[in-house]
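The values are calculated or read from the model by the stated rules, or taken from the named source; none is laboratory data. Please read all numbers here as calculations on a predicted model, not as lab measurements. Ligands, DNA and RNA are stripped out before the accessible areas are found, and what is left, the full protein with its side chains, is counted by its heavy atoms. Shrake-Rupley method; radii C 1.70, N 1.55, O 1.52, S 1.80 Å.
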Amino acid sequence: MILGIESSCDDSALALFDPGTGVRGHWMSSQVALHEKYGGVVPDLASREHLNNLPAMLGLIQGFLGETRPHSIFYTAGPGLAPCLAMGKAMAQALATAWYCPAYGVNHLRAHAYSPFLDFFEHSPTDFVERFYEHLPHLGLLASGGNTLLYEISAIGTIEILAETRDDAAGEAIDKGAKLLGLPYPGGPHIEKLAECGDSGYQKFPIGQNRQQDMFFSFSGLKTSLRYYLEAQTEEEVRQNLCHLCASYQEAVVQGLALRIKQAIRRNRRFRSLGLCGGVAQNRRLRAVLTGISEEQNLPFFVARKEYCGDNAAMIALAGYLERAALYENAPVRPSLPLTEQSLPKDQR
Ligand code: KG4
């Protein structure tokens, strides 16, 4: 049994993963309500909450484990908020000492990249690696509050970035747009809900240029265009057309993401699967548009189950298990660890 620990931002999460069967259980404690009134995550408050939540969840896990002791622990080493990462690592090391087992640092972004395969693992745990390789090279999109990355997985442990954002992340653009529209934080679920009854063609917002050489995402123009648009409207007009504006804004984010995916496929026809992960992957419109692309291109589509889209420990355990040969014990926390790197040993800090 493997224990996964996630504490990179405002979600405290633990997971038990059995290499023979997959995820045995995963637990998450969200802090959304705590940070909502500040309009974003407050790092010191978040780390204090991890200090309360992680041990409380450990109590639940111990009941579940009985006499079994995990043989490895994987914790998020980065990227993330330094005081929050430190809480997860401290817990991992304390448990490693108590259970006489190693604790390894895992790259949170790489864990997201593997998260669409958690269900696939459960379907075929014994020949997972072989079946996973049948779907490589894999083209994946990670869209969250802090990252927007298009990447290629060509082997377990080999992940290359194809495009990233020059300014805001997709989730950040959605949250900032939602704020301009007077919606609560985080804005994604609110925009999605209101968009359901709106017309996405009501207002055209910019989605970036379709030039082959421009392999990057950019969402700051979109946010600015919404701001200018709203400045020219009365409050009443905005209130009356809120659903249409949410649908139009959501559509611009989704089409901006889809554009680069199609471009990446046009550039490289070798891809054998398409994937979607990260908090924004919960968005039904985004899932539908990417499903359409995968069908059009005849590529199997792997999308993380909704509970595995946001930060979770099941993906940390899976990534740790898959990349374990290249990971470092007690790796230091690194707030700005890039997708392309595994965690580093202490002496390379
Ligand atoms: O991966 P995640 O949970 O953590 C961070 O990166 O912080 O992603 C959170 C992001 C937020 O920007 C949130 O607004 C967005 O994911 N999000 C959504 C939806 N649910 C969460 N965006 C669009 N539609 C959703 N249903």
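Listing for the model above:
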quantity: Euclidean distance between Cα centres, the stretch 45-113 to the stretch 216-233, Å; calculated: 39 Å
quantity: Whole-Hz ³J(HN,Hα) from phi, Karplus 6.51 cos²θ - 1.76 cosθ + 1.60, for the stretch 302-309, glycine and proline x; calculated: 10, 10, 5, 4, 3, 5, 9, 6
quantity: Reachable aspartates and glutamates from K179, criterion Cα separation under 15 angstrom, eight or more residues apart if same chain; calculated: E36, D168, E192, E231, E235
quantity: Note, ³J(HN,Hα) from phi for the stretch 122-130, Karplus 6.51, -1.76, 1.60, rounded to Hz, x at Gly and Pro; calculated: 5, 6, 9, x, 6, 10, 4, 4, 4
quantity: Relative contact order (%) - the stretch 136-299, alpha-carbon pairs under 8 angstrom, separation at least six; calculated: 30 percent
quantity: The stretch 136-299: C-alpha gyration tensor shape, a/c 1.5 cut-off, then a/b vs b/c; calculated: prolate
quantity: Choice from G66, G177, G88 with maximal GNM fluctuation in the chain (Cα, 10 Å cutoff); calculated: G66
quantity: Percentage relative contact order, the stretch 141-182, counting C-alpha pairs under 8 Å, at least six apart; calculated: 39 percent
quantity: Per residue, in Å², the accessible surface of the stretch 136-299 once ligands and nucleic acids are set aside, probe 1.4 Å; calculated: 44 Å²
quantity: Share of carbon and sulfur in the accessible heavy-atom surface of the stretch 210-349 [1.4 Å probe, %]; calculated: 46 percent
quantity: Per-residue ³J(HN,Hα) for the stretch 39-50, Karplus 6.51 cos²θ - 1.76 cosθ + 1.60, θ = phi - 60°, Hz, x for Gly and Pro; calculated: x, x, 7, 9, x, 5, 5, 4, 5, 5, 5, 4
quantity: The stretch 159-185 versus the stretch 1-30: alpha-carbon centroid distance in Å; calculated: 26 Å
quantity: Length-normalised contact order for the chain - Cα pairs under 8 Å, 6+ apart - percent; calculated: 25 percent
